[in-house]
Each structure stands twice: as C-alpha cells, then as structure tokens.
Amino acid sequence: MLTTVTAILAALPLAVGTAEPLPIGIDETAPVITRDDIVIHAPLERVWRIQTDVENWPAWQPNVSSSVKQTPGRLRPGSSWVWSTEGLEDITSTVKQVQPKRRIVWGGPAQGITAVHVWTFTETKGAVHVHTEESWTGEPVNANTAYLQEALDASLEDWLGNLKQRSEQVHPEPGTPGRQHS
C-alpha cells in the first residue's frame, strides 16, 4: 500500500505540470469589484490585437493619456507597461497570465490601490463576447469605497464601449481613425 501511495505522489507533479495553469482571478474579497460584458461584431484576432496593443491605447481610449511598454515583444507573464488614465499617473501594470486570444490578466499598484484585471474573449457566431472583471484593494479604496466603485464601473463600461467602437471599424489600424461600418 505504501509503495502505491508513494508512486502516486511521485507522479503527481508530472500530471499537474502537463495541465494548463489554473486561472488567476480577481480578489473576490476586495471592497471594489466590477464585472461587465459586451458583444463586439468583429474578428477575434482584431479585438485581441487592439486590446493587447497597450502602447496604442491612447489612440482609441480617450481617458488614457499615455502608455509605454517596459518589456519588448508580445504581452506575456512578466510583461509590464507604465500608463496614465483618469488622474492616475504612472500606473505600472504587469501581466500575470496570458492565454492568447482567450484571456489576459494584469495588475499592479497605483497610488495606494492594488488592482487585478481579468479579460476573457469568447468567439461566438460572427462576434466576440468580451467579459472583464476588476478588483481594487488598498487604503484609498477603504476610505472611499462608494465613490471608487462608481468610478470603476463607469471606467470599464467606457473601456468596453471604446473597444467595441474601435474593433468594429473596417480598418482599425493602430493610431488611425479608421472607417465605420455603414
């Protein structure tokens, strides 16, 4: 019996190591949590490219004033960028998990707030369902929970609307206005 248990325990790291990593999520105990969804009528490849091209966020996100990658290449765990949005300056976000064209998780501190942001992309017939959820913790959040909850709700709603608008353009190249569908 002991030999069988030992063999099973010895094989466990091999079995666990072959599976995809467990999803990283938001902090479900955070005082501020927002979840939102949108359906975007555009190819998944386009929606993913626009959302993960962090340096071009200011071209289609009016509230993002700057975004500069700190690590070259495509986003991957450990990639980071510094950006500013809605009065929060020099936010450093770091990618925690990526499943290309399916899911990306990033987070980090900004002026006492620790954020975790999860984006999930699901291809549907002729469209992409985008689900986002974000949690905020920290002293500023504890001090003004209601206000920051409203701010995060509005921010993610605007973000999704802007992502939809940009993705549904006929030729949404980074940094160009593009043409709208008729």
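When the Cα positions of THR145, LEU75, SER155 are compared along the charge dipole of the range 44-182, LEU75 comes out farthest toward the positive end, with charges on each C-beta of Lys, Arg, Asp and Glu. The slack between LEU88 and GLU55, meaning 0.36 nm per residue of separation minus the straight C-alpha distance, is 10.2 nm.
Distance between the 7 Å Cα→Cβ label points at THR120 and ILE24: 1.7 nm. Measuring with a 1.4 angstrom probe and ignoring ligands and nucleic acids, ILE33 comes out at about 40 Å² accessible.
Once the C-beta distance of ALA146 and ARG76 is scaled by a Förster radius of 45 Å, the resulting FRET efficiency is 0.80 to the nearest 0.05. A 1.4 Å probe over all protein chains sorts HIS41, HIS131 by accessible area into HIS41, HIS131, starting with the largest. What the Cβ-Cβ distance of HIS41 and ASP153 gives, at R0 = 22 Å and to the nearest 0.05, is a FRET efficiency of 0.35. In the context of the full set of protein chains, the range 50-147 has a per residue accessible area of 47 Å² (1.4 Å probe).
The values are calculated or read from the model by the stated rules, or taken from the named source; none is laboratory data. As the structure is a prediction and not an experimental result, all values here were calculated from the model. Reconstructed Cβ throughout: ideal geometry from the backbone, glycine too, with neighbour counts over all protein chains shown. Just so you know, the surface numbers come from the protein's heavy atoms only, side chains and all, with ligands and any DNA or RNA stripped out. Shrake-Rupley method; radii C 1.70, N 1.55, O 1.52, S 1.80 Å.
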